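The values are calculated or read from the model by the stated rules, or taken from the named source; none is laboratory data. In this text the structure is predicted, and so the values were computed from the model without any measurement. Backbone-built Cβ (ideal geometry, glycine too); neighbour counts: all protein chains shown. Areas reflect the complete protein model, heavy atoms only, side chains present, ligands, DNA and RNA absent. Shrake-Rupley method; radii C 1.70, N 1.55, O 1.52, S 1.80 Å.
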Amino acid sequence: MNSSVTRSLQTIVLILIALGLIALALGGFLTPISRIILTPIISTQTWIASRYQAVQSYLSAPQDIANLRQENTQLRAENSSLQTQIIELQQQLAETSILSALVDFARANPENRYQAAAVINRDPSPFMQYVIINRGSDDGLRRGMPVVTQQGLVSRITAVTAGAAHVQLITDPASTVNVRLEPSQAAAVLTGSISGDLSLDMIPQGANVESGNLALTSGLGGNFPPNILIGQVAGVRSRDQDLFQRAAIQPVVDFSQIEIVLVITNFRPVDISPLIPTPGAP
Amino acid sequence: MSTTTTTRLFPASTLATLIAIPVLGGLMILQTSLVSRFPLLRGTTDLVMLALIAWTLQKKVTTAWQWCLIGGFMFGIASALPVAAPLVSYALITWLALVFRRRVWQVPLLAMFATTFLGTFISHAVSYVTLALFGVPLPLVEAFNLITLPSMLLNLLMAVPIYALISDLAKWLHPEELEV
């Protein structure tokens with residue numbers, strides 16, 4: 001009997017102690033004590049965990065490095081492949097934009113038929129300002145056909161082979177083009193030069209030519225179709241003692257950057273040389 | 001005492017002539033597609049001329065005139081200049097290089113520079129005269145300042161690497177005889 005009463009009392013006391021501890025814990029009174037107890041335990045656990053991780057990484061490191069190297073090589077290969085793709089796409093985009101502009105030009109000038117060609121080479125002689133295009137007589141190109149870009153006149157074909165053609169630029173010193181100035185309607189002759197600059201000669205003294213006037217092909221002489229834009233007047237030199245005025249022309253085409261050109265295939269130059277009187281002829 | 005030489009399918013001189021076609025052709029393609037896109041003022045490097053000079057200056061080379069002919073024709077085909085102009089100018093340059101090879105044989109690099117210097121003048125003078133005969137108006141001073149002087153500078157800059165390459169080619173085609 002006594003023993004059962006004692007056991008019950010012990011149980012009650014333990015329950016009360018437990019309830020008391022719970023009440024103290026809920027009230028926050030045990031926090032300092034728990035901190036004192038837990039801190040060394042946590043430190044010990046942290047130390048053991050870090051040592052364990054160190055040993056684990058030491059044991060598994062060679063395999064990880066090999067995997068990482070393999071992955072790195074793979075990623076580098078993917079990266080270079082993607083960079084190549086980007087460059088290719090950029091080139092395609094640039095080509096597409098040029099072709100799109102050329103198509104717009106062709107639509108705006110439906111009276112002509114065009115053959116697109118890529119500039120593949122430049123003349124090896126620095127005295128000659130010619131380019132070589134990748135279309136020739138097999139594609140219907142003939143000597144004398146005018147060559148343009150979406151911006152304006154490039155010049156004409158001077159020699160043709162089966163798969164390529166020589167194109168003389170209007171900046172070549174031997175090139176001459178009959179032009180008409182807008183809005184003055186004055187006729188003049190455009191010549192190239194060794195420096196690559198374009199100049200207008202034979203402008204009548206009475207013509208009212210100003211900077212900013214447009215120079216277009218006049219069609220005179222039969223070498224070029226009329227109304228193809230060449231450039232703008234950049235400066236005029238007019239002296240009273242001269243027979244004609246002269247002017248400098250800023251071309252609309254950047255001849256150092258030509259990549260794709262259009263050849264006007266339905267234009268045939270007119271050979272007027274038999275009509276030019278020769279000295280001594282009746 | 002005996003000598004050993006490499007056995008080949010063709011004699012060295014025939015091979016040297018045949019190899020001019022890919023070598024000069026490659027240089028011509030490089031010149032028209034790449035080098036001419038990077039001018040200095042209006043001047044450009046003449047890789048074919050430099051290769052011809054370097055080849056002619058090699059001691060054991062006997063095919064200088066064959067290279068001159070092949071190079072001249074290639075230039076004439078690629079350029080809008082009349083074919084005769086590069087042929088004449090390259091013939092004069094080859095002759096000049098042969099003279100320098102005899103006179104300055106101990107210092108080939110000096111001969112290379114001297115021939116490049118004078119060769120640029122000769123090549124441009126022939127081009128100038130040819131174009132003048134065809135009625136192309138070319139102001140002399142402007143041509144000299146804008147084309148000849150920059151071209152000369154570029155040619156002199158490229159003279160050493162081209163000489164080294166052609167020298168290696170010549171050594172491969174005409175190996176030194178080994179005494180056994």
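Below is a table of values for the structure above.
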{"quantity": "Neighbours by Cβ (under 7 Å, 6+ apart or cross-chain): first from the stretch A:204-226, farther than 21 Å from A:Ile276 by Cβ; second β-branched (Val, Ile, Thr) and assigned to a loop (DSSP other than H, G, I, E, B)", "calculated": "A:Leu216/A:Ile228"}
{"quantity": "Inter-residue pairs, beta-carbon under 7 Å, first in contact (Cβ under 8 Å) with a residue 40 or more places away in the chain and more than 9 Å from chain A (Cβ to nearest Cβ) and in the stretch B:115-139, second of a type in the set (Val, Ile, Thr) and open to solvent by 20 Å² or more (accessible area, probe 1.4 Å), 6+ apart", "calculated": "B:Val126/B:Val88"}
{"quantity": "Subset of the stretch B:92-114 [free of Cβ contacts under 8 Å to residues at least 24 places away in the same chain and in a helix (DSSP H, G or I)]", "calculated": "B:Trp95, B:Val99, B:Arg102, B:Arg103, B:Leu110, B:Ala114"}
{"quantity": "Residue under evaluation A:Leu141, criteria (1) open to solvent by less than 90 Å² (accessible area, probe 1.4 Å); (2) within 14 Å of chain B (Cβ to nearest Cβ); (3) out of contact with any helix residue (DSSP H, G or I) (no Cβ under 8 Å at 6 or more places or on another chain), criterion not met", "calculated": "(2)"}
{"quantity": "Selection count where residues are within 14 Å of chain A (Cβ to nearest Cβ) and surrounded by 23 or more Cβ atoms within 10 Å (Cβ to Cβ), scope the stretch B:48-73", "calculated": "7"}
{"quantity": "Any hit, the stretch B:155-177, residues being at positive phi and either touching a Leu at 6+ places or on another chain (Cβ under 8 Å) or open to solvent by 20 Å² or more (accessible area, probe 1.4 Å) (or both)", "calculated": "no"}
{"quantity": "Qualifying residue in the stretch A:112-119 (condition: closer than 30 Å to B:Pro139 by Cα, within 14 Å of chain B (Cβ to nearest Cβ) and crowded, with 17+ Cβ neighbours inside 10 Å)", "calculated": "yes"}
{"quantity": "Unmet requirement for A:Ser184, which otherwise passes all of (1) away from chain B (no Cβ under 14 Å); (2) buried (at least 16 other Cβ atoms within 10 Å of the Cβ); (3) free of Cβ contacts under 8 Å to residues at least 24 places away in the same chain; (4) of a type in the set (Gly, Ala, Ser)", "calculated": "(3)"}
{"quantity": "Residue in the stretch A:202-210 that is within 26 Å of A:Ala117 (Cα to Cα), more than 14 Å from chain B (Cβ to nearest Cβ) and not in a loop (DSSP other than H, G, I, E, B) present", "calculated": "no"}
